[in-house]
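See structure below.
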Amino acid sequence: MEPLLKVDSLRTTYRRQGRTRTAVRGVSFVVHPGEVVGIVGESGSGKSTALMSVLGLLPPNAQVLSGRLLFNGTDLRTAGDAVLRTVRGRQIGLVPQRPMTSFSPVTRVRRQIRRLLRQHRADGATDIDAVIADMLRRVGLDGVAGRLDNYPHQFSGGQLQRLLVAVAAVGARPQLLFADEPTTTLDPTVAAQILRLLRDLRDELGLAIVFVSHDLRSVAQLCDRVYVMYAGDMVEEGDVRSIFDQPRHPYTRALLDAIPSRHTPREPMPVLAGSVSSLPEDRRGCSFAPRCPIAVGVCHEAVPHLLPAAGGRVACHRYPDGGWPPGDLPEDR
Ligand SMILES: Nc1ncnc2c1ncn2[C@@H]1O[C@H](COP(=O)(O)OP(=O)(O)OP(=O)(O)O)[C@@H](O)[C@H]1O
Ligand SMILES: [Mg+2]
């Protein structure tokens, strides 16, 4: 099956205070129709930058240096603004990372939703209020239908977030939804509602979803396939079961072991210290090597490439022979 989205060797940099830093280092990923793909990784690994590069929504100090961004076969990088305007919001919906800032506090919610739907609904539906009513029913928000003439502060954060998912995923009827940490700021009950909603939308509408999160439990509940991103690189990719049952990259393993209630039959990875390092632009080795408990000489010398591994791909010099299966952590680190 042809992928809906095929991102190939995307490289994106930011310029700040006269220096250029690479946020996304040549990453590739694909999304098939109706598939839910997770992108996980710590804060600063480049997840949002990758998605915003696809949508052409980067700030002015950012630059996509190279890569192909094929959506339904069209390269969005070279397609020009007119094409991007028809794709953005209409064919690829976005639930942004900070939803509260998506609503203007001084405009009634119904007016804002109407405006978004007029912008994003490709079929030019004329009865917008009927579209809104249908949308609210579909996402289980009929209860707020009578209150849409209120201002945003009169709704709960969870209601606003569900309204945004509703507009982006249902009202606009896209083929693909980018959900960038849609549950991070919400309490667990509301987060669970949003996850259920996304899953239902996939099942009912065949919507493909890219779900960005650092919460691996949500990823396990929702996704078919997972990409693990670290410091601007994809370090592992696989179907959700193989990522959770047989993580191959030490970073993936550390992320999994950081889930408090997780039962780990394997020897637990030492808790990951530090953060996504500020890498030199001309790094020589694996980005994760400075934090990796099983790194050896080559890890500091050569950048590992993503290579096929059972059920997916992994970029680790120590796979499959070194440090795997677990139990042979080197003594001399
Ligand atoms: N507007 C910007 N200007 C300069 N650097 C930026 C900008 N936005 C992001 N960056 C840098 O790019 C890198 C990747 O950031 P990005 O926001 O894509 O990460 P993320 O994986 O989405 O993190 P989070 O989980 O916190 O959302 C980080 O080092 C970040 O500091
Ligand atoms: Mg982000």
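The numbers here are math on the coordinates, done by the rules we state, and not lab data. Small disclaimer: the values here were computed from a predicted structure and weren't measured. Ideal geometry is used to build each Cβ from the backbone, glycine not excepted, and the neighbour counts take in all protein chains shown.
Proximity of backbone amide H atoms, modeled 1.01 Å from N, is registered between ASN150 and VAL109, ARG110 at under 5 Å, excluding neighbours fewer than 5 places apart on the same chain. Per residue, the average separation of C-alpha pairs within less than 8 Å and at least 6 apart gives the range 5-223 a relative contact order of 26 percent.
For the pair LEU57 and GLN221, label points projected 7 Å from Cα toward Cβ lie 2.3 nm apart. 3J(HN,Hα) along the range 295-300: 5, 10, x, 4, 5, 8 Hz, from the Karplus curve 6.51 cos²θ - 1.76 cosθ + 1.60 with θ = phi - 60°, whole Hz, x for Gly and Pro. Once you reduce the range 29-76 and the range 81-115 to the center of their Cα atoms, the two points are 18 Å from each other. Relative to the Cα centre, the charge distribution of the chain, modelled as +1 at Lys and Arg Cβ and -1 at Asp and Glu Cβ, gives a dipole magnitude of about 1160 debye.
Testing the spin-label approximation: label points 7 Å from Cα along Cα→Cβ at ILE259 and GLN154. State their distance in nm. Taking the two extended label points, one gets 4.1 nm.
Give the percent of DSSP beta bridges with both residues in the chain that are antiparallel, rounded to the nearest 5. Working shown, then result.
On the way: 32 of 51 bridges.
Percent antiparallel among DSSP bridges in the chain is about 65.
Ranked by the mean number of other Cβ atoms within 10 Å of their residues, highest first, the peptides 110-118, 36-44 come out as 36-44, 110-118. Site pair VAL298 and HIS32 shows an inter-label distance of 3.2 nm when each label is modelled 7 Å from Cα along Cα→Cβ.
One equal scatterer on each Cα of the chain, no solvent, Debye formula: the resulting log10 I(q)/I(0) at q = 0.07, 0.11, 0.13 Å⁻¹ is -0.31, -0.74, -1.00.
Determine the relative contact order of the range 49-132: mean sequence separation of Cα pairs under 8 Å and six or more apart, normalised by residue count, in whole percent. Provide the component values of the computation, followed by the final result.
Numbers: 40 pairs, mean separation 15.9, N = 84.
Dividing the mean separation by the residue count of the range 49-132 yields 19 percent.
Couplings 3J(HN,Hα) for the range 18-28, derived from phi with the Karplus relation 6.51 cos²θ - 1.76 cosθ + 1.60 (θ = phi - 60°), are x, 10, 9, 10, 8, 9, 10, 10, x, 8, 10 Hz, where x marks Gly and Pro. Amide hydrogen proximity for MET234: with H placed 1.01 Å from N in the peptide plane, the residues at 5 or more positions away or on another chain lying under 5 Å are SER28. Placing a label point 7 Å from the Cα of ARG108 along the Cα-to-Cβ direction, the residues of the range 133-165 with a backbone N closer than 17 Å are 133, 144-155. Mean residue ellipticity, 222 nm, helices only, the chain: the sum of -39500 (n - 2.57) across DSSP H runs of n ≥ 4, divided by residue count and rounded to 500, is -8000 deg cm²/dmol.
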